[in-house]
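J.: After the C-alpha cells below, expect a handful of questions from me.
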Amino acid sequence: MEAISHVVAAGLTGDEQKKANAAIGAGFAYGIAAIGPGIGIGYIVGKSVEAMARQPEAAGMVRTTMFLGIAFTEALALIGFVVFILIGL
Amino acid sequence: MTATPSPMVTRLEGAAPEVEVSRDMIRRGLIVGPVLIALCGVIWGMAGVSSSAYALVLVLGNFAIAAGLIAITARISLGLMMGAILFGYLIRLGILFLAVYLVKDAGWISRPALGLTIIVTHLGLLAWELKYVAASLAHPGLKPSRSH
C-alpha cells in the first residue's frame, strides 16, 4: 500500500502510469513463468540421476531423454521471456 | 541385495549423447536459420533480419551451453551434474536476459522478430530433432544413419 501511495504522490501522468503498469506486469510474467520450468527441470533431473545411479548401463539413454525433457520444459520459460520482451522491457 | 550407489560419487564415463544431439540440432538450425531470417526480413525489414539472426545465435548457443554443462559435469559426478543443470538453468536465463537487455534500444532490433525467432527456433528444432533421436540402449543418442 505504501508503494501505491508513493506512486500516487509522485503524480504520474497517464502514459507514465501505463508504462509503470507494463513494467510491473512484465516482471510478474517473466518471474512466474520461470517458476514452473524450475520445478519441472528439478523433477526431471532428480529422477534421471536416480535412474542413472540405479542402472548405469542405461545412462546414455536417460541422458538423452533428460536433455530433451529439459529443453522442452525450458521452452515455457522462454515463452514468458518473450512476453517480457514484448510488453515491458 | 546390493546397495544403490550414491549419486554423489557415481560418475559417467564414455561418450556424451546430449552433445551429439545438441550438435545435430545446431547443424539443423544453421540449415533452417536463413529461411527464418529471410521471412523476418520480409515482414520487419532489416531490423527483422538482424534481430532474427541474433535470436538464432542465442538459441543455438543456449543448446550448446546446456549440453556442454551436462557433458562436463557428468564426468565428475552425478550430484555435480544435477547442481550444474539447475544452476545452469538460472545462469542461462540470466545470460539470455542480459543479451537482450543490452541491445533492447538498439536501432537494429525488432522485438517481435526477436521473440518470434526465439520461440519458433527453440520449439521447432526440438520437435524436429525428436524424429532423429533413437534413445535406445544400442544407440543412446541419434539413430544410426542409413549409410552405416
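J.: Do we have A:Gly31 as more than 10 Å from chain B (Cβ to nearest Cβ) and on the phi > 0 side of the Ramachandran plot here? Spell out the reasoning first.
T.: Working: more than 10 Å from chain B (Cβ to nearest Cβ): yes; on the phi > 0 side of the Ramachandran plot: no.
For A:Gly31, the condition - more than 10 Å from chain B (Cβ to nearest Cβ) and on the phi > 0 side of the Ramachandran plot - is not met.
J.: Then there's this: Of the conditions (1) in contact with a strand residue (DSSP E or B) (Cβ under 9 Å, 6 or more places away or on another chain); (2) not in a helix (DSSP H, G or I), B:Ser136 fails just one. Which one is it?
T.: (1)
Residues are listed down the side, and each one gets a yes or a no for (1) over 27 Å from B:Asp105 (Cβ atoms); (2) in a helix (DSSP H, G or I); (3) out of contact with any helix residue (DSSP H, G or I) (no Cβ under 8 Å at 6 or more places or on another chain):
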| residue | (1), (2), (3) |
| --- | --- |
| B:Gly14 | yes, no, no |
| B:Val35 | yes, yes, yes |
| B:Ile43 | no, yes, no |
| B:Ser51 | no, yes, no |
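J.: Can you run down the residue pairs with Cβ atoms below 9 Å, 6 or more apart or on separate chains, where the first is in region A:2-19 and surrounded by 10 or more Cβ atoms within 10 Å (Cβ to Cβ) and at pLDDT 60 or above and the partner is of a type in the set (Gly, Ala, Ser) and outside any helix (DSSP H, G or I)?
T.: Final answer for the pair search is none.
J.: Got a sec? Which of A:Ile44, A:Ile35 is open to solvent by 20 Å² or more (accessible area, probe 1.4 Å) and either touching a residue at least 12 places away in the same chain (Cβ under 8 Å) or touching a strand residue (DSSP E or B) at 6+ places or on another chain (Cβ under 8 Å) (or both)?
T.: Numbers: A:Ile35 fails: either touching a residue at least 12 places away in the same chain (Cβ under 8 Å) or touching a strand residue (DSSP E or B) at 6+ places or on another chain (Cβ under 8 Å) (or both).
Testing whether each residue is open to solvent by 20 Å² or more (accessible area, probe 1.4 Å) and either touching a residue at least 12 places away in the same chain (Cβ under 8 Å) or touching a strand residue (DSSP E or B) at 6+ places or on another chain (Cβ under 8 Å) (or both) leaves just A:Ile44.
J.: Filter region B:78-96 for residues that are at pLDDT below 90 and crowded, with 19+ Cβ neighbours inside 10 Å and give the result.
T.: Scanning region B:78-96 gives a single hit, B:Leu78.
J.: Can I ask one more? Quick check: is even one residue across region B:126-136 open to solvent by 50 Å² or more (accessible area, probe 1.4 Å), facing chain A (nearest Cβ under 10 Å) and touching a helix residue (DSSP H, G or I) at 6+ places or on another chain (Cβ under 6 Å)? Break it down into steps so the answer makes sense when it comes.
T.: Let us first name the residues in region B:126-136 that are open to solvent by 50 Å² or more (accessible area, probe 1.4 Å), namely B:127-128, B:130-132.
Going one step further and asking which of them are facing chain A (nearest Cβ under 10 Å), we end up with B:127, B:130.
Keeping just the survivors that are touching a helix residue (DSSP H, G or I) at 6+ places or on another chain (Cβ under 6 Å) gives none.
No.
J.: Okay, next question. Can you run down the residue pairs with Cβ atoms below 6 Å, 6 or more apart or on separate chains, where the first is in region B:99-113 and of a type in the set (A, V, I, L, M) and the partner is modelled with pLDDT of 90 or more and assigned to a loop (DSSP other than H, G, I, E, B)?
T.: Between residues of region B:99-113 that are of a type in the set (A, V, I, L, M) and residues that are modelled with pLDDT of 90 or more and assigned to a loop (DSSP other than H, G, I, E, B), the close pairs are B:Val103/B:Ile109.
J.: Pairs only if they're at least six apart or on different chains, beta carbon under 6 angstrom, first in region B:35-64 and in contact (Cβ under 8 Å) with a residue 12 or more places away in the chain, second outside any helix (DSSP H, G or I); list them, first residue then second.
T.: Short answer, once both residue conditions are applied: B:Trp44/B:Ser110; B:Ala47/B:Trp108; B:Ala47/B:Ser110; B:Gly48/B:Ser110; B:Ser50/B:Trp108; B:Ser51/B:Ile109; B:Ser51/B:Ser110.
J.: Which condition does B:Leu116 not pass, out of (1) open to solvent by 40 Å² or more (accessible area, probe 1.4 Å); (2) more than 7 Å from chain A (Cβ to nearest Cβ); (3) free of Cβ contacts under 8 Å to residues at least 12 places away in the same chain, if it passes all the others?
T.: Unmet for B:Leu116, out of (1) open to solvent by 40 Å² or more (accessible area, probe 1.4 Å); (2) more than 7 Å from chain A (Cβ to nearest Cβ); (3) free of Cβ contacts under 8 Å to residues at least 12 places away in the same chain: (3).
The values are calculated or read from the model by the stated rules, or taken from the named source; none is laboratory data. Everything numeric here is computed off the predicted structure, so don't read it as measured data. Backbone-built Cβ (ideal geometry, glycine too); neighbour counts: all protein chains shown. Keep in mind that these areas ignore ligands, DNA and RNA; they rest on the heavy atoms of the full protein, side chains included. Shrake-Rupley method; radii C 1.70, N 1.55, O 1.52, S 1.80 Å.
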